[in-house]
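K.L.:
This is the structure I want to talk about, given as structure tokens.
Please treat every number below as a calculation from the coordinates, not as lab data. Fair warning: this is a prediction, and the values are worked out from it, not measured in the lab. Counting neighbours? That spans all protein chains shown, and the Cβs are built from the backbone with ideal geometry, glycine included.
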Amino acid sequence: MADATNAAYEYWKRKKKAAKQVKKAARRDKKDMGLTITSLLDALTIILLFLLKSFGDNPVNITQKKGELQLPKSMSTSNMADMVDIHIGESAILVHGKSIHVNVKNGKVDENVKRDGADGFFITPLYKALKEKAKKLKTKAKRAGWRFEGNALVAADKAIPYRLLSEVLYTANQAEFKLYSFAIVKTRE
Amino acid sequence: MRKYRASQEVGELNLLPIMNLISLLIPFLLLSAQFIQIGIILIQTPRLKSQSSADKKQKKKALNLTVIMTGKGYYVKSRFGSECPPGKAGGEEKLCFRNKEKGKFTADTIRALQLHLWYLYKRKYGSSQYYEDEKMDHHSITLVPQHDVKYEAVVKTLDALREIPAGAKDPPSPTNMPASGCRMTFDKKAHTWMVQGAKGEDVTERACMYHLVTLAIGAS
């Protein structure tokens, strides 16, 4: 009877030890099983670099918005260069992203901001803003040793009438900007 | 006496802060990134051309090819008068290419204008006798849109003036036209625009027709 009890006790002791070992091994394995994020980090770094590159591609940032500014499509493959940009939206005209307090309604500029009234082409606030830009660029050109050619980028909404564009170009021309780049969305159709 | 250096365990690099930073940067860049490619069309205005007396003299001899754009269609003229295709004299209405619907410039009308301009450029006025400065004048044209014409139609017309039409038969278009088309590049050193191919070669004769477009502005 005593032998049987001893054997049972030994068996129970062995089983307990084995269970302890299994638990210990499991604990050890759990400690080694850390999340491997190196490959994920590599992928994220590549995406980040790609996005940073595409972000820095265009020297001038043009944000299109339905009902405000939608550029026309063109087959042109020429790329933008860094220059003064004039935005002609459906509701306002901006110079270098800043408002010049010229509102547009139904493709027409408010006659109060025009020097010669409703039939005139000269938009006074636009002229003042561009003249200031031209002055700064001329000084910059003199220092850098190149000739000021009066390059301006015009990003206009595709639905505006030519009259409005003509008014803006006429005013820019008076402010010594004579070479224009029209911003377009590239397409091959 | 032997010295035993205490074993130093190299700790793992904690990548979590970098991961957090990158995870924050990616949505921000995705929002601000432009997946639509934006390009430009180069335009000059009339004042730029007639500055010196030499320019004025040149203007008298120039061909002065002009495309007038009204809601009804296109009219083409030069210093010799109407330049409409044979059989389309322009008439009193002065229209060479008529829109089927007023104010709507269809692809067919624009293509017809482009093919005719290509004919004028290559065949009718292809020789240097019409130009004072062949390199400049041969590529020059003036576009005069009426005030009610939509800007989108003006851009489409500018494309038709600039690019040599692919698949033209009379005269045939060049076979080695670059896929990049008539491309203008900005030379940062000279601070001026130049006509160049994607690899920097001159593509004037292979891809560009009238790339020096003068846009009429103001009350003109």
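K.L.:
Evaluate the charge dipole of the protein assembly as shown about its Cα centre and quote only its size in Debye, nearest 20, assuming +1 on the Cβ of each Lys and Arg and -1 on the Cβ of each Asp and Glu. Numbers along the way, then the final one.
P.N.:
Numbers: 69 positive and 41 negative charges, 339 e Å.
That gives the protein assembly as shown a dipole magnitude of about 1620 debye.
K.L.:
What are the ³J(HN,Hα) values, in whole Hz, obtained from phi via the Karplus relation 6.51 cos²θ - 1.76 cosθ + 1.60 with θ = phi - 60°, for each residue of the stretch B:20-32 in sequence order, with x given for Gly and Pro?
P.N.:
Each residue of the stretch B:20-32 in turn: 4, 5, 5, 4, 6, 5, 4, x, 4, 5, 4, 5, 8 Hz.
K.L.:
How far is it, in nm, from the label point at B:Ser23 to the one at B:Arg98 when both lie 7 Å from their Cα along the line to the Cβ?
P.N.:
6.7 nm
K.L.:
Under 18 Å from the Cα of A:Lys24, which aspartates and glutamates turn up, not counting those fewer than eight places away in the same chain?
P.N.:
Qualifying aspartates and glutamates at Cα under 18 Å: A:Asp32.
K.L.:
So what's the Cα pair-distance distribution over the stretch B:120-177, bin width 10 Å, in %?
P.N.:
The percentages, shortest bin first, are 18, 40, 33, 9.
K.L.:
Please find the FRET efficiency linking B:Asp133 to A:Thr45, where r is the Cβ-Cβ separation and R0 is fixed at 35 Å, and quote it to the nearest 0.05.
P.N.:
Result of the calculation: an efficiency of 0.05.
K.L.:
Can you tell me the relative contact order of the stretch A:112-183? Whole percent, Cα pairs under 8 Å, sequence separation 6 or more. Mind dumping the intermediate values first?
P.N.:
On the way: 78 pairs, mean separation 29.0, N = 72.
Once normalised by length, the contact order is 40 percent.
K.L.:
Quick check: pseudo-label points 7 Å beyond the Cα along Cα→Cβ at A:Glu68 and A:Lys17, how many nm apart are they?
P.N.:
7.7 nm
K.L.:
Would you please classify the overall shape of the stretch B:107-220 from the alpha carbon gyration tensor, given that a ≥ b ≥ c denote the square roots of the eigenvalues, rounded means a/c under 1.5, and beyond that prolate means a/b larger than b/c while oblate covers the rest? Working shown, then result.
P.N.:
Values: a/c = 1.36, a/b = 1.11, b/c = 1.23.
Cα axes put the stretch B:107-220 in the rounded bin.
K.L.:
While we're here: Going by the alpha-carbon gyration tensor, a ≥ b ≥ c the square roots of its eigenvalues, is the stretch A:73-186 rounded (a/c under 1.5) or, if a/c is not under 1.5, prolate (a/b greater than b/c) versus oblate? Before the final figure, lay out each step's value.
P.N.:
On the way: a/c = 2.15, a/b = 1.24, b/c = 1.73.
In terms of gyration-tensor shape, oblate.
K.L.:
What's the average, rounded to a whole number, of partner chain beta-carbon atoms within 10 Å of each residue's beta-carbon in A:119-126? Working shown, then result.
P.N.:
Numbers: counts 1, 2, 3, 1, 0, 0, 0, 0.
Taking all residues of A:119-126 together, the mean is 1.
K.L.:
Related question: Starting at the first residue of the stretch B:170-177, write each ³J(HN,Hα) from the Karplus equation 6.51 cos²θ - 1.76 cosθ + 1.60 with θ = phi - 60°, in whole Hz, x for Gly and Pro.
P.N.:
Each residue's phi maps through the Karplus curve to give 10, x, x, 6, x, 7, 9, 6 Hz.
K.L.:
Rank by packing, highest mean first: peptides A:130-136, B:174-180, with packing defined as the count of other Cβ atoms within 10 Å averaged across residues. It would help to have the intermediate numbers written out before the result.
P.N.:
Details: A:130-136: 16.4, B:174-180: 11.9.
The most tightly packed comes first, giving A:130-136, B:174-180.
K.L.:
I would also like to ask the following. Projecting each Cα onto the charge dipole of chain A (Lys/Arg +1, Asp/Glu -1 at the beta carbon, about the Cα centre), which of A:Tyr9, A:Trp146, A:Ile86 comes out farthest on the positive side?
P.N.:
A:Tyr9
K.L.:
Quick one: B:Leu212, B:Leu113, B:Leu31, fewest Cβ neighbours within 10 Å first, how do they rank?
P.N.:
The order, fewest Cβ neighbours first, is B:Leu31, B:Leu212, B:Leu113.
K.L.:
Here is a further query. Ranked by Cβ crowding within 10 angstrom, fewest neighbours first, how are B:Ser82, A:Ser74 ordered?
P.N.:
Details: B:Ser82 14, A:Ser74 22.
Going from least to most buried by this count: B:Ser82, A:Ser74.
K.L.:
Each label point is 7 Å from the Cα along the Cα-to-Cβ direction; what then is the distance between the points at A:Ser99 and B:Leu15, in nm?
P.N.:
4.7 nm
K.L.:
Right, something else. Residues with amide H under 5 Å of A:Val84's amide H, sequence separation 5 or more or different chain, H placed in the peptide plane at 1.01 Å from N; which?
P.N.:
A:Leu153
K.L.:
In debye, nearest 20: dipole of the stretch B:135-220 around its Cα centre with unit charges on the Cβ of K, R (+) and D, E (-)?
P.N.:
240 debye
K.L.:
When DSSP assigns beta bridges and you keep just the ones with both residues in the protein assembly as shown, what percent turn out antiparallel, to the nearest 5? Write down the numbers at each step before the final one.
P.N.:
Working: 36 of 56 bridges.
Antiparallel: roughly 65 percent of the beta bridges in the protein assembly as shown.
K.L.:
Quick one: compute the contact order of chain A, relative version, from alpha carbon pairs under 8 angstrom and 6+ residues apart, as a percent. Could you put the intermediate results ahead of the total?
P.N.:
Numbers: 223 pairs, mean separation 41.5, N = 189.
Once divided by the residue count of chain A, the mean separation gives 22 percent.
K.L.:
Go ahead and run the numbers for FRET between A:Ala118 and A:Ala141, Cβ-Cβ distance against an R0 of 35 Å, rounding to 0.05. Can you show the working numbers first?
P.N.:
Numbers: r = 36 Å, r/R0 = 1.04.
About 0.45, to the nearest 0.05.
K.L.:
Past the 20 Å Cα-Cα mark, which pairs from A:Lys114/B:Lys72; B:Lys72/B:Lys104; A:Lys133/A:Lys158; A:Lys133/A:Lys178; A:Lys98/A:Lys136?
P.N.:
On the way: A:Lys114/B:Lys72 30 Å; B:Lys72/B:Lys104 8 Å; A:Lys133/A:Lys158 26 Å; A:Lys133/A:Lys178 14 Å; A:Lys98/A:Lys136 16 Å.
Beyond 20 Å between Cα atoms: A:Lys114/B:Lys72; A:Lys133/A:Lys158.
K.L.:
Now for a separate question. Give me the dipole magnitude in Debye, nearest 20, for the stretch A:73-186 about the Cα centre, with unit charges on the beta carbon: positive for Lys and Arg, negative for Asp and Glu. Could you put the intermediate results ahead of the total?
P.N.:
Numbers: 20 positive and 12 negative charges, 109 e Å.
Computed about the Cα centre, the dipole is about 520 debye.
K.L.:
In the stretch A:73-186, what percentage of the DSSP-assigned beta bridges are antiparallel, given to the nearest 5? Could you put the intermediate results ahead of the total?
P.N.:
Values: 10 of 21 bridges.
Of all bridge pairs located within the stretch A:73-186, approximately 50 percent are antiparallel.
K.L.:
Just list whichever of A:Lys73/A:Lys138; B:Lys77/B:Lys100; B:Lys135/B:Lys189; A:Lys142/B:Lys188 have alpha carbons separated by over 25 Å in the model shown. Walk me through the intermediate numbers first.
P.N.:
Working: A:Lys73/A:Lys138 33 Å; B:Lys77/B:Lys100 21 Å; B:Lys135/B:Lys189 22 Å; A:Lys142/B:Lys188 15 Å.
Among A:Lys73/A:Lys138; B:Lys77/B:Lys100; B:Lys135/B:Lys189; A:Lys142/B:Lys188, the Cα-Cα distance tops 25 Å for A:Lys73/A:Lys138.
K.L.:
Got a sec to turn the phi values of the stretch A:98-114 into Karplus ³J(HN,Hα) couplings, 6.51 cos²θ - 1.76 cosθ + 1.60 with θ = phi - 60°, whole Hz, x for Gly and Pro?
P.N.:
Here the 3J(HN,Hα) series is 9, 5, 10, 6, 10, 8, 10, 9, 6, x, 10, 8, 4, 5, 5, 8, 9 Hz.
K.L.:
What ranking of B:Thr70, B:Thr185 emerges when the number of other C-beta atoms within 10 Å of each C-beta is taken as an exposure proxy, fewest first?
P.N.:
On the way: B:Thr70 19, B:Thr185 16.
Going from sparsest to densest Cβ surroundings: B:Thr185, B:Thr70.
K.L.:
Apply 1/(1 + (r/R0)^6) to the Cβ-Cβ distance of B:Glu201 and A:Arg27, taking R0 = 45 Å, and write down the FRET efficiency to the nearest 0.05. Intermediate values should be presented prior to the final figure.
P.N.:
Working: r = 70 Å, r/R0 = 1.55.
So, using R0 = 45 Å, E works out to roughly 0.05.
K.L.:
Still on this model: Can you tell me, using C-alpha contacts under 8 Å and at least 6 residues apart, the relative contact order of the stretch A:80-125 as a whole percent? Please list the in-between numbers first.
P.N.:
Values: 63 pairs, mean separation 10.0, N = 46.
Normalised by residue count, the contact order of the stretch A:80-125 is 22 percent.
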